[in-house]
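The values are calculated or read from the model by the stated rules, or taken from the named source; none is laboratory data. Small disclaimer: the values here were computed from a predicted structure and weren't measured. What goes into the accessible areas is simple: the full protein's heavy atoms, side chains included, and nothing from ligands, DNA or RNA. Shrake-Rupley method; radii C 1.70, N 1.55, O 1.52, S 1.80 Å.
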Amino acid sequence: MKLLSALREGTTHLHGNLDRLVSERPLASRDGYVRFLSMHARVIPAIERWLLKAPEFSGLPLFQERMRSEVLAEDLKALGHALPSPVPMSFLNAKSSVAGICYVVEGSRLGAAHLCTLLDRAGADFPTAFLRHGHGRGFWRSFLAWLAEQDHSSAATERATLSARQLFGAYLGVLEMHDDDRK
Ligand code: HEM
């Protein structure tokens, strides 16, 4: 599947970098967990607002149910934190980037089960509505089926991959900023 392989190939290194950067602070510590949730909270609400305005996004099965801004805010609130301000994401202007953006957003759920297990094993009693969101709903499977129907032309594939890279870049930037602020 050309589009999916291009998205994977074009972002694997960035996922690796993000995974490494996230793992620099233990997720099972309150600081590490708040850092992780805050990273998502600087990105997800703006991305979801943008997606809801993009006509292509409404073709994704259960698109409204996929929204996680509310559970993210609830988890942060339970930890005593307000939603942080969104990071600027100027690349969101390209309407044709929906496939790439959704790849990153939907993919971000895949590690969640793993992270939940880590928290459980460590006996950390944190609010996990965000990490557990969509569990058992087959979101990844239906996303892949939808992706297979999207424009696979070279130009569309390139744009989707670029947007996915930019979104990973936004995540990496948020974490770097967060850590710099605390130096
Ligand atoms: C420490 C943090 C993270 C860990 C440990 C992690 C772990 C994983 C794991 C285990 C998978 C594969 C799951 C499977 O095949 O069933 C995965 C896939 C993926 N993750 Fe992460 N992840 C993390 C953070 C993120 C974040 C923050 C994003 C997005 C911003 C993200 C985006 C993706 C994507 C797009 C995939 C799909 C790869 C593919 O199959 O094409 N991950 N992650």
From highest to lowest solvent-accessible area (probe 1.4 Å; ligands, DNA and RNA excluded), 181, 75 read 181, 75
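State, to one decimal in nm², a quarter of the convex hull surface area for the C-alpha atoms of the range 1-94, i.e. the direction-averaged projected area.
On the way: hull surface 30.3 nm².
Taking the Cα atoms of the range 1-94, their convex hull projects to 7.6 nm² on average.
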Quick calc of log₁₀ I(q)/I(0), the chain, Debye, one scatterer on every Cα, no solvent, q values 0.08, 0.14 1/Å, result -0.24, -0.76
Rounded to the nearest 10 Å², the accessible area of residue 8 using a 1.4 Å probe with every protein chain kept is 110 Å²
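Let me check something: with ligands and nucleic acids excluded, how do 90, 58 order by accessible area (1.4 Å probe), largest to smallest?
Values: 90 95, 58 70 Å².
Output order, biggest surface exposure first: 90, 58.
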The whole-number value in µm²/s of the Stokes-Einstein translational diffusion coefficient for the range 80-183, with Rh from the Kirkwood sum over alpha carbon pairs at 25 °C and 0.890 mPa s, is 154 µm²/s
Taking alpha-carbon centroids only, the range 1-79 lies from the range 162-183 a number of Å equal to 12 Å
Residue-normalised 222 nm signal for the chain, counting each DSSP H run of n ≥ 4 as -39,500 (n - 2.57), nearest 500 deg cm²/dmol, is -20500 deg cm²/dmol
GNM on the chain, Cα springs under 10 Å; top mean-square fluctuation among 65, 74, 158 goes to 65
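Can you give the accessible area per residue of the range 26-96, in Å², using a 1.4 Å probe?
On the way: 3480 Å² over 71 residues.
For the range 26-96, the per-residue accessible area is 49 Å².
Semi-axes of the range 53-114's equivalent ellipsoid from the Cα gyration tensor, sqrt of 5 times each eigenvalue, largest first, rounded to whole Å? Don't skip to the end; give the middle numbers.
Numbers: eigenvalues 109, 50, 28 Å².
Semi-axes from the Cα gyration tensor: 23, 16, 12 Å.
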A 1.4 Å probe over the protein heavy atoms gives the range 52-183 a carbon and sulfur accessible-area percentage of 53 percent
With Cα coordinates, the longest principal axis of the chain makes an angle with the long axis of helix 30-41, in degrees rounded to 10, of 30 degrees
Of 40, 133, 81, ordered by accessible area with the largest first and a 1.4 Å probe, the sequence is 81, 133, 40
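Contact order normalised by length for the chain, with contacts defined as Cα pairs under 8 Å and 6 or more residues apart; what percent is it?
Values: 175 pairs, mean separation 70.3, N = 183.
So the answer I get is 38 percent.
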